[in-house]
1. Checking GLY83 against (1) without any contact (Cβ under 8 Å) to a residue 24 or more places away in the chain; (2) surrounded by fewer than 18 Cβ atoms within 10 Å (Cβ to Cβ); (3) under 29 Å from VAL156 (Cβ atoms), which test does it fail?
2. Applying the selection to region 55-68, what residues are of a type outside the set (Ser, Thr, Tyr) and buried (at least 16 other Cβ atoms within 10 Å of the Cβ)?
3. Taking the condition of being among the polar types (S, T, N, Q) and buried (at least 16 other Cβ atoms within 10 Å of the Cβ), how many residues in region 156-193 meet it?
4. Could you please find all residues in region 85-98 being farther than 18 Å from ASP179 by Cβ and over 19 Å from the mean Cα position of the chain (by Cα)?
5. Looking only at region 127-140, how many residues end up being over 18 Å from the mean Cα position of the chain (by Cα) and over 24 Å from CYS228 (Cα atoms)?
6. Show me the strands (runs of 3 or more DSSP E) found entirely inside region 99-163 where at least 1 residues are modelled with pLDDT of 95 or more and of a type in the set (Gly, Ala, Ser).
7. One residue is enough: does region 55-68 have a residue meeting the conditions of a type outside the set (S, T, N, Q) and on the phi > 0 side of the Ramachandran plot?
8. State which residue is surrounded by the fewest Cβ atoms within 10 Å (Cβ to Cβ) when the search covers only region 198-255 and only residues that are basic (Lys, Arg) and assigned to a loop (DSSP other than H, G, I, E, B).
Amino acid sequence: MFPPLLGLMFLLAGCGDSRPAETVRLVTYNAGTFNKYIADDYPLVAEMMREVGADAVCLNELDSCTTRTGGVFQLERIARAMGGWDYRFGRAMPYRGGSYGVGVMTRERILDHFTVALPRGEGAEPRVLTVVELARYVIATTHLDHTSAAAQRDQVAVINRVMRERYAEASKPVFLGGDLNALPDSGTLRALQEAWTVLTPTDGGTYPSHDPKKCIDYILQLDNGVTCETVGARVLHRFEAGDAARASDHLPVLLEIRLPAES
């Protein structure tokens with residue numbers, strides 16, 4: 001974790017444009033369908049992301065045009081609130097007249113994307129991995145099974161295989177953010193670390209947001225030989241925009257990373 005002064009400097013830097021062009025700020029956030037505690041909290045979440053200078057956001061628990069959340073395509077709504085960001089939705093399952101899944105929204109234009117269905121645990125919701133490729137990096141998101149460690153490990157095996165096959169020889173860094181529903185010392189995290197390095201803090205909680213005791217949300221980098229420097233990483237508890245504990249039952253996690261110099 002960062003000393004208090006460094007942490008403050010890290011957050012304040014998001015309010016301006018003084019950071020080097022080769023650094024990007026990535027966020028992973030289980031948004032809880034944007035209606036967990038407050039109706040229509042899209043403006044609050046958008047302001048939270050602007051406040052920390054996010055460049056790309058992995059989002060979990062998204063509704064797309066369901067009756068549960070008023071027929072709103074939630075990823076499109078939050079991306080529009082960010083000023084017209086690009087985005088891709090990964091449909092995990094049909095739900096109440098629409099669908100439910102995960103997504104990524106980015107300040108930059110998305111060049112390519114794909115979604116992979118993950119093995120389904122017995123009696124559990126379907127899960128997916130959604131991947132987007134940008135000019136200088138790749139960022140993916142997933143939301144692992146919440147009922148079975150065995151199902152999580154099966155899902156991780158697919159994630160590791162797919163991402164190694166596609167990006168083991170890539171010249172771009174590859175990041176994975178998401179609600180993994182697994183603690184830092186779990187078999188799930190150990191299985192992921194066969195292919196990935198965890199870059200965000202594991203000694204502080206991300207859930208539940210009102211009393212965060214469990215670390216289950218992370219950002220990782222694929223071990224494909226591309227070197228990046230971690231400038232800062234932290235769980236985000238406080239925002240001038242509003243109460244993060246009222247926006248969702250998870251807290252956002254932020255990573256600032258210095259990308260390799262462009263050749």
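1. (3)
2. Those that are of a type outside the set (Ser, Thr, Tyr) and buried (at least 16 other Cβ atoms within 10 Å of the Cβ): ASP55, ALA56, VAL57, CYS58, LEU59, ASN60, GLU61, LEU62, ASP63, CYS65.
3. The total comes to 4.
4. PRO94, ARG96, GLY97, GLY98, listed by residue number.
5. Qualifying residue count, region 127-140: 0.
6. Per the criteria, 112-118, 138-143.
7. Yes - at least one qualifying residue is present in region 55-68.
8. LYS213
The values are calculated or read from the model by the stated rules, or taken from the named source; none is laboratory data. Bear in mind that the values here come from a model prediction, so they are computed numbers and not experimental data. All Cβ positions, even for glycine, are placed from backbone atoms using ideal geometry, and neighbour counts span all protein chains on display.
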